[in-house]
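The values are calculated or read from the model by the stated rules, or taken from the named source; none is laboratory data. Note that the structure is predicted; figures quoted are calculated from it, not measured. Note that we place each Cβ from the backbone using ideal geometry, even for glycine, and neighbour counts take in every protein chain shown. Just the protein is used for accessible areas: all its heavy atoms, side chains included, with ligands, DNA and RNA removed. Shrake-Rupley method; radii C 1.70, N 1.55, O 1.52, S 1.80 Å.
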Amino acid sequence: GAETVASWRRSFDARPPGYEQGQPYNPFADERYLRWQGRGGRVSRVLPPDSESLEDVARRTKPLWASGIAREVREGKSVLVVAHGNSIRTMMQAIDGVADEDAATLEVPVGIPIVYRFAQVDGKLTPQAPDAVAECLADFAPGRPPCVSADFLAGEAALAKAFLESRRASLDRYGLGGDPSIVDI
């Protein structure tokens, strides 16, 4: 039920079950997900994973952050990253130094731009937190989601709605429906 989905969604190393034949969102049934076009335009065949944990996603995205995106930011470039929630979550983890056991508690609102601003000292990037993060850090307690230095470009009502929609989508993917505000997913 919803608690099982919550355990997959709020775990760093648990994988949900893979897609079944005939499921409408099975990536193996859609040619778009079986190829990758790199930044240089080269197209390669890929085999998407049947299922991924947050740890699996981190294994792919953290090197991209460290060797690609961070390098371009250090060069003074503005970088736009468009990705799904877990990819963004693991990049936020890398940027803000969030521990593996806390990474799954990071909230990534669907459709809300997230902005990071950095200062560079001796080649090291330091995220520059908006004022709200100082308040979050002052109220931080163990067991609460970690504070991040990102700036979410939306008002509180839009953020709350985006978080609920994200939870609803997780429940719907496994045919559970229901009220996403009841279960912490």
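Conditions tested, residue by residue: (1) open to solvent by 50 Å² or more (accessible area, probe 1.4 Å); (2) in a helix (DSSP H, G or I); (3) at pLDDT 85 or above.
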| residue | (1), (2), (3) |
| --- | --- |
| Ala129 | yes, no, no |
| Arg144 | yes, no, no |
| Glu165 | yes, yes, no |
| Gly178 | yes, no, no |
| Ile182 | yes, no, no |
| Ile185 | no, no, no |
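Meeting the requirement of 1 or more residues that are hydroxyl-bearing (Ser, Thr, Tyr) and at negative phi, the helices (runs of 4 or more DSSP H) wholly within the stretch 1-91 are 2-9, 54-64.
Scan the stretch 133-140 and give yes if some residue there is of a type outside the set (Asp, Glu) and modelled with pLDDT of 80 or more, otherwise no. There is no residue in the stretch 133-140 that is of a type outside the set (Asp, Glu) and modelled with pLDDT of 80 or more. Cβ-Cβ contacts under 9 Å between residues 6 or more apart (or on different chains), taken from a first residue in the stretch 71-86 that is under 12 Å from Gln120 (Cα atoms) to a second residue that is open to solvent by less than 50 Å² (accessible area, probe 1.4 Å), are listed as Val73/Tyr116; Val73/Leu125; Arg74/Gly123; Arg74/Leu125.
Residues in the stretch 8-52 that are open to solvent by less than 60 Å² (accessible area, probe 1.4 Å), under 30 Å from Glu101 (Cα atoms) and not hydrophobic (A, V, I, L, M, F, W, C): Arg9, Arg10, Ser11, Pro16, Gly18, Asn26, Pro27, Pro48, Ser51, Glu52.
Return a yes/no flag: does the stretch 104-111 have any residue that is closer than 21 Å to Arg168 by Cα and in contact with a Leu (Cβ under 8 Å, 6 or more places away or on another chain). Within the stretch 104-111 (the criterion being closer than 21 Å to Arg168 by Cα and in contact with a Leu (Cβ under 8 Å, 6 or more places away or on another chain)), the answer is yes, since at least one residue qualifies. Of all residues being open to solvent by less than 10 Å² (accessible area, probe 1.4 Å) and part of a loop (DSSP other than H, G, I, E, B) in the stretch 92-116, which is modelled with the lowest pLDDT? Just the residue, please. Ranking the candidates gives Ala104 first. What about Ala29, is it within 25 Å of Phe118 (Cα to Cα) and small (Gly, Ala, Ser)? Here the answer is no, as Ala29 does not meet what is asked. Of all the listed residues (Leu80, Leu125), the sole one being open to solvent by 50 Å² or more (accessible area, probe 1.4 Å), aliphatic (A, V, I, L, M) and over 12 Å from Ser149 (Cα atoms) is Leu80.
Every condition in (1) in contact (Cβ under 8 Å) with a residue 12 or more places away in the chain; (2) in contact with a helix residue (DSSP H, G or I) (Cβ under 7 Å, 6 or more places away or on another chain) holds for Arg45 except the one numbered (1).
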